[in-house]
1. In the range 432-474, what residues are within 16 Å of the ligand (Cβ to nearest atom) and not in a helix (DSSP H, G or I)?
2. Exactly one of these conditions fails for residue 422: (1) closer than 26 Å to residue 120 by Cα; (2) at pLDDT 95 or above; (3) in contact with a strand residue (DSSP E or B) (Cβ under 8 Å, 6 or more places away or on another chain). Give me its number.
3. Working carefully through the options 547, 523, find the one that is part of a helix (DSSP H, G or I) and in contact (Cβ under 8 Å) with a residue 12 or more places away in the chain.
4. In the range 248-260, what count of residues is obtained for those that are under 19 Å from residue 424 (Cβ atoms) and within 12 Å of the ligand (Cβ to nearest atom)?
5. Could you tell me whether the range 481-499 includes any residue that is buried (at least 17 other Cβ atoms within 10 Å of the Cβ) and at pLDDT below 95?
6. Select from the range 526-539 the residues that are free of Cβ contacts under 8 Å to residues at least 60 places away in the same chain, closer than 16 Å to residue 477 by Cα and not in a loop (DSSP other than H, G, I, E, B) and list them in ascending order.
7. Go through 493, 420 for me and flag whichever is within 26 Å of the chain's Cα centre (by Cα) and either within 16 Å of the ligand (Cβ to nearest atom) or over 25 Å from residue 215 (Cβ atoms) (or both).
Ligand code: FAD
């Protein structure tokens, strides 16, 4: 039967990670009737997997830290391609968002004098990551959920029902956004367990669906990260930017094969871990690029002193931004200096006492013990790059999170949005991003709903079309198996649109993606609607495909190397390309790419950098502007 359960809300938040929960809290605090929808179990999201911490310039461990330094580090990390306004808001508001979490009940690790402790991470000038051991994301999610429960208790007292103004729909996948003209009117999806359909009528939708990693075989991302939010946005008339920029985290597990890709937190390096090749050489000193030479040590003695005395020594090169470390590992393995399983060694055992390792990195200790039978207090880990994070995403207004393009009433926050991290994200900057922009998107979605004079209407035709699309894979007797299609997609993306890219291979990838698109249009899922993961994947595939096309197209177009986009045929950064955002839109079924100039950074923000540093990134024209201002 095609019975459809109907609900009415003011704000629908798709995604229950940090961004979604923070957005929902804000919408509910604004008095809006709010739904939270999550494809996975409630509480299971990428956010819960975050280990290292949340970056915020609170200055608790080094009082020299402040928002200006954080802003600078973020822009540097993103190689100046970031949306400066987002980087500015993020640097300014992160500390408040972290302190606010404590009012919700979070308890971060402490300094000796009782302040929130902060740890070192790649690309951050000062210790900046608020953390709870290596289980920070768990605390973040737990606290946000607790806040939601307390809001539900208030509603119970006032209205007699916990669900009066905020309700969670877990294990529910949204497959379609529904529009009334150019306005959002609702969202359509299904309960994963029963396969029954569900319709949300709502004038404002916040996308908080996270990333796209499942288009790659070796990834730290879990099953639900199929780029749904990116694809929903595109189909609704919104645009994506920066989709060529994917972060390959330098340290994923490489052995045993069944767990290949699972993350090894950067905290291992932040706390003293070093990388060695099969000759036992600490190789990162050979890979410090010119733009970072001033901040990074060129010898082991200085690098090792830095952990105790960071004011008088330069940082170890193991703590370079992630793109640099991932490329370095890739080069070592390619040059035949890899480990037996095809990675490099990450050694913390010889650097810290066993007890200290177990205290600081409890999850890592258990992860290696249980999955690889390796005791990291005694032996080195084997690690290699893994697809981790997408910098690209929904193009949004920096202040409100409202999606650009032709659609109204659509907002995006967290990993699904683009711009904030430029071409490369610094570790720890995602958890803070979720809180800062989740709150903003939730608040603005609420005020958008308030100012509408009439409610957009869901049309019967649109619902029927959504039902038809959803049921199609079940109704085809012939057609390919979704799992085979996903494997083929992963092979194309991993082999041809991976860490190191070349023109010929990217062009080839586009041809293969076009073929895959034909095959996916005919995908068939065996079985019925009750809990049927094959059917679910069949529906996810079209999202993965369109998002992969955006990535491959933009990667072919961008003729330079920057952050999470490395072109072997264009190995240098090109200041002219720094001024360009590649914008993806859907025209019917076709992915269209356009060039759009980056917003110009405000003068007082430009003035935070030395001229010598700016000269590494900006065009002569931009520098002339800078000089004119300085006079
Ligand atoms: P997520 O937390 O990914 O949540 C997305 C939600 O959307 C989920 O609830 C999912 O079920 C739901 N969803 C998706 N599609 C649909 C759909 N179609 N319908 C309904 N619901 C849907 N960042 C840091 O800053 N510091 C760290 O230490 C750190 N460590 C990390 C460790 C690991 C192993 C990983 C994988 C990432 C780490 N990151 C870290 C990155 C960070 O965790 C993520 O970028 C961030 O959590 C994304 O949050 P989000 O709220 O945008 O989305």
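1. none
2. Unmet for residue 422, out of (1) closer than 26 Å to residue 120 by Cα; (2) at pLDDT 95 or above; (3) in contact with a strand residue (DSSP E or B) (Cβ under 8 Å, 6 or more places away or on another chain): (3).
3. Details: 523 fails: part of a helix (DSSP H, G or I).
Answer to the check: 547.
4. 3
5. For the range 481-499, residues buried (at least 17 other Cβ atoms within 10 Å of the Cβ) and at pLDDT below 95: present.
6. Answer for the range 526-539, where residues must be free of Cβ contacts under 8 Å to residues at least 60 places away in the same chain, closer than 16 Å to residue 477 by Cα and not in a loop (DSSP other than H, G, I, E, B): just 534.
7. Going through 493, 420 in turn, the sole match is 420.
Here's the yes/no breakdown for (1) closer than 30 Å to residue 488 by Cβ; (2) within 16 Å of the ligand (Cβ to nearest atom); (3) surrounded by fewer than 18 Cβ atoms within 10 Å (Cβ to Cβ):
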residue: 153; (1), (2), (3): no, no, yes
residue: 182; (1), (2), (3): no, no, yes
residue: 197; (1), (2), (3): yes, yes, no
residue: 223; (1), (2), (3): yes, yes, yes
residue: 233; (1), (2), (3): yes, yes, no
residue: 239; (1), (2), (3): yes, no, no
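The values are calculated or read from the model by the stated rules, or taken from the named source; none is laboratory data. Just so it is clear, the model here is predicted, and its values are computed rather than measured. Cβ: placed from backbone, ideal geometry, glycine included. Neighbour counts: every protein chain shown.
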